[in-house]
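The values are calculated or read from the model by the stated rules, or taken from the named source; none is laboratory data. Keep in mind that this is a model prediction, so the values were computed, not measured. Glycine gets a Cβ as well: all are built from the backbone with ideal geometry, and neighbour counts include every protein chain shown. Accessible surface is based on the protein model in full, side chains and every heavy atom, while ligands, DNA and RNA are left aside. Shrake-Rupley method; radii C 1.70, N 1.55, O 1.52, S 1.80 Å.
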Amino acid sequence: KKEARYDSTVTMIEPQEAAVEGLKEFLCWIDDIKEEFLDEEKAFRFGNKPPKGVLLTGIPGSGKTQAAKQVAFRMGGLEGNVPLVQFRMDNLLGGLVGDSEANFKRCRKRIEALSPCIVLLDEIEKTFDTEGKSSSNDVKMNILTALLDWMQENERQIFFFATSNSVVHLKPELLRDGRFDMRFCVFMPTHDELVEIFRLHMEHANRRAN
């Protein structure tokens, strides 16, 4: 695990407590499934499969990426026993033929060594944007295929947390059953959520001032 944390294909992100306000239904769902994620035997006893992932989609700036940090904290706490790893295409792309695919295999092996963990697929529609024809797009399609196979076959304690600004631009393969346990859509905050967001920022500002 120590070796995996410092691998060039792996980007670690620090979990954060109270990083978001609102998203109550989503966070309640996380609280409901976290025990079955951390304790697979408990899930099987209740006839369930351990949760494997979630897709959070909605307008930019609505807290989707911050929610991943909050989820990692809720599942692992300050001790960080559930690491948050960001899946980054720029960590994988290589200059020679076959380098990128080899980097993906290495990245997968390293992440599996960190399990239980959360893998953030941030703005996944941009990560796998393959419009037009070029060799780099072919490589991205190969990596997408490998990632989808990984998500489908995953039997480790790895929770895939994907965000997207728009469902319209997502690859249809990502929306098939079995990729994610649940899909949530976020939009502009309500009045009460705006008050909570403002309160959160004021608390952060006061802590910095002190």
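Just wondering, is there one or more residues in the range 174-185 that are among the acidic types (Asp, Glu) and in a loop (DSSP other than H, G, I, E, B)?
Yes, there is a match, as at least one residue in the range 174-185 is among the acidic types (Asp, Glu) and in a loop (DSSP other than H, G, I, E, B).
Restricting to the range 83-108, give me the number of residues that are in contact with a Pro (Cβ under 8 Å, 6 or more places away or on another chain) and of a type in the set (Asp, Glu).
Final tally of qualifying residues: 0.
Scan the range 34-72 for residues that are over 25 Å from Thr11 (Cα atoms), of a type in the set (A, V, I, L, M, F, W, C) and either in contact with an Asp or Glu (Cβ under 8 Å, 6 or more places away or on another chain) or crowded, with 20+ Cβ neighbours inside 10 Å (or both) and jot them down.
Hits for the range 34-72 are Ala43, Phe46.
With (1) part of a helix (DSSP H, G or I); (2) touching a helix residue (DSSP H, G or I) at 6+ places or on another chain (Cβ under 6 Å) as the list, and Asp149 as the residue in question, which single condition is left unmet?
(2)
Of all residues in the range 152-173, count the ones that are under 18 Å from Cys185 (Cβ atoms) and part of a helix (DSSP H, G or I).
So the count comes out to 1.
So for the range 56-63 (the condition being under 19 Å from Met182 (Cβ atoms), more than 12 Å from the chain's Cα centre (by Cα), at pLDDT below 90 and in a helix (DSSP H, G or I)), does at least one residue qualify?
No.
Can you tell which of Val119, Val71 is of a type in the set (A, V, I, L, M, F, W, C), within 20 Å of Glu3 (Cα to Cα) and touching a residue at least 40 places away in the same chain (Cβ under 8 Å)?
Matching residue, one of Val119, Val71: Val119.
What pairs come out if I take residues in the range 132-156 that are at pLDDT below 85 and pair them with residues that are surrounded by 12 or more Cβ atoms within 10 Å (Cβ to Cβ) and not acidic (Asp, Glu) whose C-beta lies under 6 Å away, six or more apart or interchain?
Asn137/Thr130
Given the conditions (1) at pLDDT 90 or above; (2) out of contact with any Leu (no Cβ under 7 Å at 6 or more places or on another chain); (3) within 17 Å of Phe161 (Cβ to Cβ), and given that Phe87 satisfies all but one, which numbered condition is not satisfied?
Going through the list (1) at pLDDT 90 or above; (2) out of contact with any Leu (no Cβ under 7 Å at 6 or more places or on another chain); (3) within 17 Å of Phe161 (Cβ to Cβ), Phe87 breaks only (2).
Which residue pairs have Cβ atoms closer than 8 Å, lie 6 or more positions apart in sequence or on different chains, and pair a first residue in the range 93-109 that is within 15 Å of Asp149 (Cα to Cα) and part of a helix (DSSP H, G or I) with a second residue that is of a type outside the set (Val, Ile, Thr) and open to solvent by 70 Å² or more (accessible area, probe 1.4 Å)?
That search, which allows pairs on different chains as well, returns Glu101/Asn142.
Anything in the range 64-84 that is of a type in the set (S, T, N, Q) and in a loop (DSSP other than H, G, I, E, B)? List them, or say none.
If the condition is that a residue be of a type in the set (S, T, N, Q) and in a loop (DSSP other than H, G, I, E, B), then Asn81 is the only one that fits.
Mind checking which residues of the range 151-195 are of a type in the set (D, E, K, R) and open to solvent by less than 60 Å² (accessible area, probe 1.4 Å)?
So in the range 151-195, the residues of a type in the set (D, E, K, R) come out as 153, 155-156, 171, 173, 176-177, 179, 181, 183, 192-193.
Matches in the range 151-195: Lys171, Glu173, Arg179, Glu193.
Give Lys24, Lys105 a once-over and let me know the one that is under 22 Å from Ser164 (Cα atoms) and either of a type in the set (D, E, K, R) or touching a strand residue (DSSP E or B) at 6+ places or on another chain (Cβ under 9 Å) (or both).
Among Lys24, Lys105, only Lys24 is under 22 Å from Ser164 (Cα atoms) and either of a type in the set (D, E, K, R) or touching a strand residue (DSSP E or B) at 6+ places or on another chain (Cβ under 9 Å) (or both).
Considering only the range 91-99, I want to know if a residue exists there that is modelled with pLDDT under 85, farther than 22 Å from Lys126 by Cβ and in contact with a Ser or Thr (Cβ under 9 Å, 6 or more places away or on another chain).
yes
Only one of these conditions is not met by Glu35: (1) charged (D, E, K, R); (2) more than 25 Å from Thr145 (Cβ to Cβ); (3) touching a residue at least 12 places away in the same chain (Cβ under 8 Å). Which number is it?
So Glu35 meets the others, but not (3).
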